Amino acid sequence: MRRPAPAPGEQIERARRISFSFDGRSVPAYEGDTIASALFAAGQRTFSRSFKYHRPRGLLCCSGQCANCLVAVDGAPGVRACTEPARDGLRVEHLNARPSLEHDAMAVVDRLPSRALPVGFYYKTFQRPRRLWPLYERILRSAAGLGRLPRQQAQRSWETEYRRRHADVLVVGAGAAGLSAAITAAQLGADVVLADEDVRPGGRLLDEGGHELAAQLTQRARDAGVELLSRAAVLGYYDGLSPVWQGSTLHQVRAPRHIYATGTIEQPLLFADNDRPGIMLSGGARRLLARYGLTPGTRAVVATVGERGLQAALALQRAGVSVAAVADARRQSGSSAAALRAAGVSMLDGATVRRAHGRRALTAVTLATVGGAERTIRADLLVVSGGDAPAVALPSQAGVRTVYDPRSGVVGLGELPPGIGAAGSVIGDADVLESGRLAGLRAAHALGLGDEHSRESERMLAAALGAEPAALNGAAPVPPDAVAPLPAAASGGRVVVCSCEDVTTKELSQAVWEGFDSIELAKRYSTVTMGPCQGRMCQLACIRLVADATGRPAQEIGSTTARPPWSTVPLGVLAGRPFEPAKRTALHDRHRALHADVRWAGDWRRAYDYGDPAAEARHVAAHVGVIDVSTLGKLLVRGPDAAALLDRLYPSAMSTLAVGRARYGVLTSETGRISDDGTVCRLDVETFYVTTTSSGAGAVEQWFSWWLTDWGLDATVTDVTQALTALNLAGPGARLVLGAVADLDCSNAAFPYLHVRHANVASVPCLLVRLGFTGELGYELHFSSAHAEHVWGALFAAGAAEQLRPFGLEAQRQLRLEKHHVIVGQDTDSESTPFSSGMGWTVKLAREADFIGRPALTLAAAAEAEQVLVGLALPDGPLPAEGAVVLDQAGRPAGQVTSARVGPRLGRALGLAWVPAALARDGAGVTVADGERRLAATVATTPPYDPQGSVLRS
Amino acid sequence: MSFVLTCPWCGPREVTDFAYGGEIRDAAPGGEDRREVFGHAYLRRNVAGEQTEWWFHRSGCRAWFLARRDTRDNTVHWTAPVQRAGSA
């Protein structure tokens, strides 16, 4: 289609040509075109097929409100072609027609009598016989739906950035009123965010010749420091926080003052076959002209209830469209009507549309006057203007009550709660600029900004605007409810009220007749207002139809509750980034270089093994190995009250720990349950070094800090987990290796078990603790992560003679199991107490000081535990899975296996398990149920390897 | 449940920055009465109205402080560090 000469303010850039594909064919476009405008220019008139009846649909609103132009772009369905910018190389496809938009096999449904698929048919048909339900489901699934998601997960991924924005004022809608409100508030010093769905600010100004004013206002807003978000949809209202979706960013805007300048939504008319391609809202027709240089038709009929449709007729006429007739439902006329008559346009007063003719495209329109006389006029374009409904959904979510006004026939806003303002046509103000200014002043003053001068302006404006708003152009619009839909039976055809969900007026009446006689029930049963337009096009008409069908006045019907999201938004935007932070130790690259199998341990990446965990474990027992335990939580507790703090936090006394000594510490909760464990070392009188489990560091720091704050003790807790690297050197050769790199006497006499020393290891200052988690002679080295690779390298250089090898998490677990060393969180759970876990010795009830959980632990000490954690000797063969059930003597589940391995030193299978207390005797036989298998195991209350701990202390 | 809490050190932040620590309680009962121990560990007053409660600035300075909030509408009347005199 050749487009008319460039219009001032048009959005397309005629010098820049691009192209995209639609259903495989190439479509030319200009920069600035939308997908729909380019398709329209190329002759496309059918843009989609309706949801249920598969009726052809064309452009109606051209502004992203209805659902007639939904397409898939680059595989992503649910995109509105009329607002999506055309870009070079896009792949656009239609959604729900097979094999094509022009020939849709499902359109046969439209030819069935209405009885076949009544409202709520899926509650009535497809019910019996029930065994055929899988077949019905397949049929319904392929018949329904609006597009397919790509099968590949990668094609469905979505990158979203969340942005927190605290502002003073959020203005929703950048039409004339919104711009005016934003400018006013910002000029008084408020921090203003202005969010607007359109590609540039200006609202209706851009479609009705006001682009210069729009540009001026936009510049003034920028100069005033307003943050302008375009192509940004406000999704809802949450206690003062409005999420705004813009591209790949979700702005979480919190503003104590919100101003809604959301404008009005032009309504369609109800008549037979009112959904044909070629029927457009007057705003849509004008937008095609003003922004994209497109003539929406060659021969037009205009049907209106108010001034807006007449102005559209004038605009079309001036653009060279032949306007065959204008039907105005009113009997009065004003200057626009006079101008049209002067231009030779046939004007019918008191008339409206009875029926549209044509199927794939409009061919003719039948008009009828109130008296009944009909006229059928040939036309390829029918421009309708059925009234302007204020866009109340967002302010309604913010708590503003909505009220049906019978005089104007629309639902409007009631009283505004504190913090919420409104401006422009949404509150029925004709002078939108002044309305915006008043809202901006009110918001700024509520924030404490402004001065006497601005407050005086507010008073004067409020008085001026408080008077009855002057009707536009001297002629009041006919309330849309006065334009009754004419019964479809009179002339056949469907009167579609909800075009998204394909619900006709007859079906909605049927729903009410069946008993769903409130607007909320009728909505849920018939699905009106539940489609992509969320009632923008049909809420008002549905209220009036329900009023008619129930015989109640419209103001008693109410509206359906407005809910977020107000605009269609992909779930991926709300779900946020798929974000999996991985914590690595400073030696991560070393493990990789050694071909370690690196796995997740909580949010840490850890070396699970270096190829053969059983061999690594045996090597530790026979020679020497080193493991990276940097993931351990590490806290420094310091101060005059440090000892007192730890005394009160732990069930054991820590103040009795001598300087240079270490002690195993189990942390218990207020209810006496084990919450974490680790080592407590005393570095000096006022300094303790506490280790925690790898996943517990944050929680333990939070816990310590809380009690410290509550008790008001004089101490500090510092989390040094990430700052320090920790290595555990274990095995008979550990002493020789350490001695070769440390400036320290490592003999057993000079550095006994559970002692702490400071020394330089390969010239790096190091904290050394003699511990024995693996059951072998062992030293733990803690030092600054900056020197991690240096110390690691030095150890291996010095350790070559002793055959030092690295060992991983799995080998460590095998070694510790032969010592029955418990792993908190693996062998214990949230109900385990120290007494039932074989750690009762850590609880010193006899001491005087009060400590957390003391009363509960006292009770637990006296009580009989039902289940107790013990070692198990397991038979040869496949190991039971972790979680395998332990049966009591009656064969009932009464415990579980928490760990099971083949012991590297023993060469036979063993484990740890919770067993009924009655069976917790050394040598007792228990049965383990592992799936179908039954294993006979034996309880072992002492560890099979070095039960006296003499190897540890050697 | 979306509101703003003012950390006494860092300033106003979205409530999601923080971890809730529960309403303030009396010290644990000294004795070993089972009912009292259970009550202190598990039961809360849970008022519909104003309460003083603990918050932890999880995504910020990681300090604990107190707040006074109306549980019915999440109006926060004040936030403040714990005021204590002397040590144990």
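The values are calculated or read from the model by the stated rules, or taken from the named source; none is laboratory data. Only a predicted model underlies this, so the values are computations on that prediction, with no experimental measurement involved. Every residue, glycine as well, gets a Cβ built from its backbone with ideal geometry; the counts of neighbours run over all protein chains shown. We work out accessible area using only protein heavy atoms, side chains counted, and drop any ligands, DNA or RNA first. Shrake-Rupley method; radii C 1.70, N 1.55, O 1.52, S 1.80 Å.
Key figures
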item	result
Residue check, A:Leu708 under 51 Å from the mean Cα position of the chain (by Cα), under 28 Å from A:Leu646 (Cα atoms) and in a helix (DSSP H, G or I)	yes
Matching option when the condition is over 30 Å from A:Ala801 (Cα atoms), within 14 Å of chain B (Cβ to nearest Cβ), open to solvent by less than 20 Å² (accessible area, probe 1.4 Å) and assigned to a helix (DSSP H, G or I), among A:Leu645, A:Leu635	A:Leu645
Residue check, A:Thr671 out of contact with any Asp or Glu (no Cβ under 7 Å at 6 or more places or on another chain) and farther than 15 Å from A:Leu635 by Cα	yes
Subset of segment A:347-364 (residues that are open to solvent by 40 Å² or more (accessible area, probe 1.4 Å), out of contact with any helix residue (DSSP H, G or I) (no Cβ under 9 Å at 6 or more places or on another chain) and not basic (Lys, Arg))	A:His357, A:Ala361, A:Thr363
Among residues of segment A:664-698, those that are within 14 Å of another protein chain (Cβ to nearest Cβ) and either touching a Ser or Thr at 6+ places or on another chain (Cβ under 8 Å) or on the phi > 0 side of the Ramachandran plot (or both), counted	6
Meets criteria (within 11 Å of another protein chain (Cβ to nearest Cβ) and touching a strand residue (DSSP E or B) at 6+ places or on another chain (Cβ under 9 Å)) for B:Trp54	yes
Boolean, A:Asp684 is touching a Phe, Trp or Tyr at 6+ places or on another chain (Cβ under 9 Å) and of a type in the set (Asp, Glu)	no
Entirely in segment A:15-113, the strands (runs of 3 or more DSSP E) that have 1 or more residues that are touching a residue at least 60 places away in the same chain (Cβ under 8 Å) and open to solvent by 50 Å² or more (accessible area, probe 1.4 Å)	A:91-93
Pick from segment B:57-69, criterion open to solvent by 20 Å² or more (accessible area, probe 1.4 Å) and outside any strand (DSSP E or B), ranking: farthest from the other protein chains (Cβ to nearest Cβ)	B:Gly60
Elements of type strands (runs of 3 or more DSSP E) contained in segment A:726-794, each with 1 or more residues being β-branched (Val, Ile, Thr) and touching a His at 6+ places or on another chain (Cβ under 6 Å)	A:764-770
Candidate set from segment A:210-239 (those that are part of a loop (DSSP other than H, G, I, E, B) and within 23 Å of A:Gly284 (Cβ to Cβ)); member that is farthest from the chain's Cα centre (by Cα)	A:Gly210
Filter result (farther than 16 Å from A:Ser630 by Cα, free of Cβ contacts under 8 Å to residues at least 24 places away in the same chain and assigned to a loop (DSSP other than H, G, I, E, B)) within segment A:566-620	A:Phe579, A:Glu580, A:Pro581, A:His595, A:Gly611, A:Asp612
Residues of segment A:185-209 classified as over 29 Å from the mean Cα position of the chain (by Cα) and either over 13 Å from A:Gly424 (Cβ atoms) or among the small types (Gly, Ala, Ser) (or both), total	11
Members of segment B:7-42 that are at the interface with chain A (Cβ under 8 Å from one of its Cβ atoms), of a type in the set (D, E, K, R) and either within 16 Å of A:Trp707 (Cα to Cα) or part of a strand (DSSP E or B) (or both)	B:Glu14
Failed criterion for A:Ala740 (all others in (1) more than 25 Å from A:Glu616 (Cα to Cα); (2) open to solvent by 30 Å² or more (accessible area, probe 1.4 Å) hold)	(1)
Pair list, Cβ < 6 Å and 6+ apart or interchain, from segment B:35-52 residues that are farther than 16 Å from B:Val76 by Cα to residues that are outside any strand (DSSP E or B)	B:Glu36/B:Pro29; B:Val37/A:Pro855; B:Val37/A:Ala856; B:His40/B:Ala28; B:His40/B:Pro29; B:Ala41/A:Glu670; B:Ala41/A:Thr671
Scope segment A:830-869; condition surrounded by 20 or more Cβ atoms within 10 Å (Cβ to Cβ), touching a Ser or Thr at 6+ places or on another chain (Cβ under 6 Å), away from every other protein chain (no Cβ under 14 Å) and aliphatic (A, V, I, L, M); matching residues	A:Val868, A:Leu869
Index of the failed condition, B:Met1 passing every other in (1) open to solvent by 80 Å² or more (accessible area, probe 1.4 Å); (2) at the interface with chain A (Cβ under 8 Å from one of its Cβ atoms); (3) outside any loop (DSSP other than H, G, I, E, B)	(3)
Residue count, segment A:245-279 (criterion: assigned to a strand (DSSP E or B), surrounded by fewer than 22 Cβ atoms within 10 Å (Cβ to Cβ) and away from chain B (no Cβ under 14 Å))	3
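So that you can scan it fast, the table gives a plain yes or no per residue for (1) open to solvent by 20 Å² or more (accessible area, probe 1.4 Å); (2) at pLDDT 95 or above; (3) under 20 Å from A:His623 (Cα atoms):
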position: A:Gly778; (1), (2), (3): no, yes, yes
position: A:His790; (1), (2), (3): yes, yes, no
position: A:Gly793; (1), (2), (3): yes, yes, yes
position: A:Arg813; (1), (2), (3): yes, yes, yes
position: A:Gly825; (1), (2), (3): yes, no, no
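Every residue, every condition in (1) touching a His at 6+ places or on another chain (Cβ under 9 Å); (2) at pLDDT 95 or above; (3) not in a loop (DSSP other than H, G, I, E, B), yes or no:
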{"residue": "A:Ala368", "(1), (2), (3)": "no, no, yes"}
{"residue": "A:Gly372", "(1), (2), (3)": "no, no, no"}
{"residue": "A:Arg375", "(1), (2), (3)": "no, no, yes"}
{"residue": "A:Leu394", "(1), (2), (3)": "yes, yes, yes"}
{"residue": "A:Glu415", "(1), (2), (3)": "no, no, no"}
{"residue": "A:Ser435", "(1), (2), (3)": "no, yes, yes"}
{"residue": "A:Leu438", "(1), (2), (3)": "no, yes, yes"}
